[in-house]
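The values are calculated or read from the model by the stated rules, or taken from the named source; none is laboratory data. Please read all numbers here as calculations on a predicted model, not as lab measurements. Neighbour counts run over all protein chains shown; Cβ positions are idealised from the backbone, glycine included. Quick note on the areas: whole protein, heavy atoms, side chains included, nothing else; ligands and nucleic acids left out. Shrake-Rupley method; radii C 1.70, N 1.55, O 1.52, S 1.80 Å.
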Amino acid sequence: MPLPLTIIIDDPAPLINVYWWHAAESGNTDHPVLSTGEPVARQIPVDFLEQFVDVVECWGVRGKFSVLPYPAALGPIDVGWPGCDEAELTRWIDLVRCRVTPHMDITPEILTHARALDLDTMTPLSMNERNWAEEQTASTMTPYITHALEILQRVGLSPTGVTSPWDFGIGVEEEYRLAIRQAMSGIGVEQTWYFLHADCVSTDLRSHVAWRQDERWLVSLWAQVDDFLWQTMESIRADDAYIHSIADAYLTEDGREGRLTQLQAAGTPMVLVTHWQSLFSNGRRTGLKILEEVCRRGQANWGEQVQWTNCSELARIVAARDTQRVVP
């Protein structure tokens, strides 16, 4: 059986660069800059999504693609927000529905990936979602996750699991797991998964069944390959030598070194995590070029020994292997 290879793409949102909002808030400025002195790009154009899908289709990439349902607390993606180009918003969503979903699972990255929303007034709270979650229980997180899922459904997307923004829910994980189960069950999904944790050192499989009852289960999928592409936001380099040097961290040209090689040698499914802004690289798109180089090297070295696998399929593999865990 081929070894699964999966990529988790965090933070995609229609039109905006959610990282701009993080940098603006953390720096208390409307003009965030990178270490290069460059302004952080505020938007990521639709043509970048087209370029990304071209790479996915060319190399058979599989995994998970987040879609923020209410990005940066600006407004829901089924309606838009002030200043939003509605035609481009529709074009972005159509591309995800028609060209991304045949290859990638879709999840919400909860609701805003910014300040939490008061669901009664639909106004932003003073705290971000990560901090808000630490004070919640399943009874308050369930409707919050449900709202995120319902927005995605309204634009024709069918979530298979849930992604945490930052480490949302990590301090109340049992409550969070219950909320995920209840929210996903509410849209008719009884076998589901969530992404919260990463371990980029161990070669043991960290993904596991977090809960099981009869034929229903919840799998915790762990990333086990770091986001080496993140650094491309902070570098103006985009030359071949730079691209190859970062690709080496994943997999060297000869296939003998790199984090993917470590996991492949251990027979452990390879779960990469990266970010929409890491691929975009503040407009240089260096990260996407590196991803394509890694895909080329993987195919050249491993061929059919490794198979791109989306997250829901990997969750089913984990659930089939991890048959002993039963949580009431």
**Request:** With no solvent and one equal point scatterer per Cα, compute the Debye intensity ratio I(q)/I(0) for the chain at 0.06, 0.08, 0.11, 0.13 Å⁻¹ and report its log10, rounded to two decimals.
**Result:** -0.19, -0.35, -0.68, -0.97
**Asked** Separation of the range 142-188 and the range 20-41 by C-alpha centroid, Å?
**Response** 29
**Message:** Taking just the alpha carbons, could you work out the radius of gyration and Dmax for the range 190-249, both in angstroms?
**Reply:** 17.2, 53
**Prompt:** If you take the Cα Rg of the range 74-180 and divide it by 2.2 N^0.38 Å, with N the number of residues, what do you get?
**Reply:** 1.10
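Got the relative contact order for the chain handy, in percent, Cα pairs under 8 Å and 6 or more residues apart?
For the chain, the relative contact order is 23 percent.
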**Request:** Could you please state, rounded to a whole Å, how far the C-alpha centre of the range 68-128 is from the C-alpha centre of the range 225-298?
**Result:** 27
**Request:** Compute the signed sum of charges (Lys and Arg +1, Asp and Glu -1) over the other residues within less than 15 Å, Cβ to Cβ, of Ala138.
**Result:** -3
**Fill in**
A 1.4 Å probe over the protein heavy atoms gives the chain a carbon and sulfur accessible-area percentage of 47
**Item:** Spacing of the two label points (7 Å from each Cα toward its C-beta) at Ala265 and His103, in nm
**Value:** 3.0
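What number, rounded to the nearest 500 deg cm²/dmol, is the helix-based mean residue ellipticity at 222 nm of the chain, given -39500 (n - 2.57) per DSSP H run of at least four residues and division by all its residues?
-11500 deg cm²/dmol
Using Cα-Cα distances under 8 Å and only pairs 6 or more residues apart, what relative contact order does the range 198-328 have, in percent?
33
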**Prompt:** Where in the range 1-43 does the label zone of Asn131 land, with the point 7 angstrom along Cα→C-beta and an amide N cut-off under 18 Å?
**Reply:** 21-30
**Item:** Rounded FRET efficiency, nearest 0.05, which uses the C-beta distance separating Met122 from Asp94 and R0 of 25 Å
**Value:** 0.50
**Request:** May I ask you to give the solvent-accessible area per residue for the chain, in square angstrom, as obtained with a 1.4 angstrom probe?
**Result:** 41
**Message:** Let me cross-check Tyr19: its accessible surface, 1.4 Å probe, with only protein heavy atoms counted, in Å² to the nearest 10?
**Reply:** 40
**Request:** Place a label point 7 angstrom from the Cα of Glu253 along the Cα-to-Cβ direction, then list the residues of the range 292-318 whose backbone nitrogen is under 19 Å away.
**Result:** 292-303
**Request:** Go through the range 242-328 and name the trypsin sites (Lys or Arg not before Pro) that are in a DSSP coil and have 13 or fewer other Cβ atoms within 10 Å of their Cβ.
**Result:** Arg256, Arg325
**Prompt:** Just how many % of Cα pairs in the range 7-84 lie over 14 Å apart, if you round to the nearest whole percent?
**Reply:** 68
